[in-house]
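S.K.: Dropping the structure in here first, questions after.
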Amino acid sequence: MVEEYPRNLTELEANYGTEEACRTYLARLRWPEGFRCPRCGSEKAWPVCGRWECGNCGCQTSVTAGTIFQDTHTPLPVWFRAMWWVTTQKNGASALGLQRVLGLKSYETAWTWLHKLRRAMVRPGRDLLIGRVEVDEAYVGGEEEGLPGRLNLKKALIVVAAQQDGPGIGRIRMRQIIDASAESLVPFVQDSVEVGSIIHTDGWRGYSSLASKGYDHEVTVVSRRKKTASELLPRVHLVISLLKRWLMGTHQGAVSQKHLDYYLDEFTFRFNRRRSKSRGKLFFRLAQQAMAVAPVPYDRIVHPNRVNAKVKAQPVVAT
Ligand SMILES: [Zn+2]
């Protein structure tokens, strides 16, 4: 579909100020080829009280059903303002900031909204990194050297992949891992980087099976007295230090370990779009992905690990 999005706050308020305008926009994102009845596949339908009624079988479909906006009691224009604010804040949005700007009654609501939107920051079936990619692990949390304050987070181990783009950094991927074993590291690489790419790591044995998995594995051993890891894998270590600053700055270190994965998703979303000239385009991307990500019950947002580990968002099945 044509990428259609507000270019500034005035356009947002003028074009997406009503429930109907927001629904129409979301419908175009959800059914770019036109509405199709999820039950019978018919393309004949008309809007009835904010829903689509199938002209063939008569069933009604809400544009927000099966998306993160399902069952929301908040008017969609408020959600749109939230998405606008989240995507136009250069360094991201904190719950307190969102609460203030939208005049929400509770901090908890703002916090929950941000977590719902973070679920939409990972596109189901997104492209893998390719080319030459640096991979390394790092601890985040606890007292951070060179940074004021401390993260309200016990030390957590993460693994980061940063694609090389000339002298700079292309796209990135990151994940929290339980340890630095091959069982944790290799699946991350396989989920993040296309087979056949060059993976550049240090000499840690957790990476030693990469060559047998179809990667061109380039190892630089960090020897004492010589260079440090951040000099040998400069891209990945720059990303890690930017991540730490962001967690400390925007979120004031108030990130708990069980929610860390979702902050990593938000950081990745922002980082990979940092060169986008139009903030409106980020809004478009977020709204589009919000239509493709299944709803997450409040309980699972607060306790993501209770049922099982992070449950990956499932794409909405288009019928
Ligand atoms: Zn039908």
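The values are calculated or read from the model by the stated rules, or taken from the named source; none is laboratory data. None of the values given here were measured: they were computed from a predicted structure. Neighbour counts run over all protein chains shown; Cβ positions are idealised from the backbone, glycine included. What goes into the accessible areas is simple: the full protein's heavy atoms, side chains included, and nothing from ligands, DNA or RNA. Shrake-Rupley method; radii C 1.70, N 1.55, O 1.52, S 1.80 Å.
S.K.: I need the full set of residues from the stretch 192-207 which are surrounded by 15 or more Cβ atoms within 10 Å (Cβ to Cβ) and either of a type in the set (Phe, Trp, Tyr) or not in a strand (DSSP E or B) (or both), in order please. Quick ask: steps written out before the conclusion?
M.R.: Going residue by residue through the stretch 192-207, those that are surrounded by 15 or more Cβ atoms within 10 Å (Cβ to Cβ) are 192-193, 197-202, 204, 206-207.
Passing the criteria: SER192, SER197, ASP202, TRP204, GLY206, TYR207.
S.K.: All but one of (1) of a type in the set (S, T, N, Q); (2) at pLDDT below 90; (3) more than 16 Å from the ligand (Cβ to nearest atom) hold for THR10, so report the exception by its number.
M.R.: (2)
S.K.: To continue, here is another question. Looking only at the stretch 100-113, which residues are open to solvent by less than 40 Å² (accessible area, probe 1.4 Å), free of Cβ contacts under 8 Å to residues at least 40 places away in the same chain and in a helix (DSSP H, G or I)? First the steps, then the outcome.
M.R.: The initial filter retains those residues of the stretch 100-113 that are open to solvent by less than 40 Å² (accessible area, probe 1.4 Å), namely 102, 104, 106, 110, 112-113.
Then drop every residue that is not free of Cβ contacts under 8 Å to residues at least 40 places away in the same chain, which leaves 102, 104, 106, 110, 113.
Within the stretch 100-113, LEU102, ALA110, TRP113 qualify.
S.K.: Tell me which of these MET121 doesn't satisfy, since it passes every other one: (1) at pLDDT 90 or above; (2) under 27 Å from TRP204 (Cβ atoms).
M.R.: (2)
S.K.: What pairs come up if the first residue lies in the stretch 131-153 and is within 23 Å of PRO234 (Cβ to Cβ), the second is among the polar types (S, T, N, Q) and modelled with pLDDT under 65, and their beta carbons are under 9 Å apart, counting only those six or more places apart or on different chains?
M.R.: Hits for this filter: GLY141/ASN152.
S.K.: Look at the stretch 170-191 and say how many of its residues are within 18 Å of the chain's Cα centre (by Cα), open to solvent by less than 50 Å² (accessible area, probe 1.4 Å) and within 20 Å of ARG132 (Cα to Cα). Can you show your working first?
M.R.: Kept after step one, since they are within 18 Å of the chain's Cα centre (by Cα), are these residues of the stretch 170-191: 170-177, 188-189, 191.
After this cut, where a residue has to be open to solvent by less than 50 Å² (accessible area, probe 1.4 Å) as well, the list is 170, 172-174, 176-177, 188-189.
Checking which are within 20 Å of ARG132 (Cα to Cα) leaves us with 170, 172-174, 188-189.
Residues in the stretch 170-191 being within 18 Å of the chain's Cα centre (by Cα), open to solvent by less than 50 Å² (accessible area, probe 1.4 Å) and within 20 Å of ARG132 (Cα to Cα): 6 in total.
S.K.: Starting from the stretch 65-80, take each residue that is within 20 Å of LYS281 (Cα to Cα) and list its partners that are acidic (Asp, Glu) and open to solvent by 40 Å² or more (accessible area, probe 1.4 Å), counting only C-beta distances under 7 angstrom and pairs at least six apart or across chains.
M.R.: Taking only residues 6 or more apart or on different chains, the pairs are LEU76/GLU19; PRO77/GLU19.
S.K.: Please give the number of the condition TYR25 fails out of (1) modelled with pLDDT of 90 or more; (2) away from the ligand (no atom under 16 Å from the Cβ); (3) exposed (fewer than 15 other Cβ atoms within 10 Å of the Cβ).
M.R.: All conditions pass for TYR25, except number (3).
S.K.: Identify, please: which residue in the stretch 40-75 is of a type in the set (Ser, Thr, Tyr) and more than 15 Å from the ligand (Cβ to nearest atom) and is, among those, nearest to LEU117 (Cα to Cα)? Walk me through it before giving the result.
M.R.: Taking the stretch 40-75 first, the residues of a type in the set (Ser, Thr, Tyr) are 42, 61-62, 64, 67, 72, 74.
Next, from what is left, pick out any that are more than 15 Å from the ligand (Cβ to nearest atom): 64, 67, 72, 74.
On the way: THR64: 14, THR67: 11, THR72: 13, THR74: 14 Å.
Restricting to residues being of a type in the set (Ser, Thr, Tyr) and more than 15 Å from the ligand (Cβ to nearest atom), the top hit is THR67.
S.K.: Okay, next question. Mind listing just one residue for me: the one in the stretch 29-39 that is buried (at least 17 other Cβ atoms within 10 Å of the Cβ) and of a type in the set (Lys, Arg) and, of those, farthest from the ligand (Cβ to nearest atom)?
M.R.: Among residues in the stretch 29-39 that are buried (at least 17 other Cβ atoms within 10 Å of the Cβ) and of a type in the set (Lys, Arg), the one farthest from the ligand (Cβ to nearest atom) is ARG30.
S.K.: For the stretch 71-94, give me the residue count where each residue is modelled with pLDDT of 90 or more and open to solvent by less than 20 Å² (accessible area, probe 1.4 Å).
M.R.: 8
S.K.: Does the stretch 63-70 include one or more residues that are surrounded by fewer than 16 Cβ atoms within 10 Å (Cβ to Cβ) and within 22 Å of SER106 (Cα to Cα)?
M.R.: yes
S.K.: Is there any pair linking a residue in the stretch 39-55 that is in contact (Cβ under 8 Å) with a residue 40 or more places away in the chain to one that is more than 9 Å from the ligand (Cβ to nearest atom), with Cβ under 7 Å and at least six apart or on different chains, and which?
M.R.: Pairs found: GLY41/THR319.
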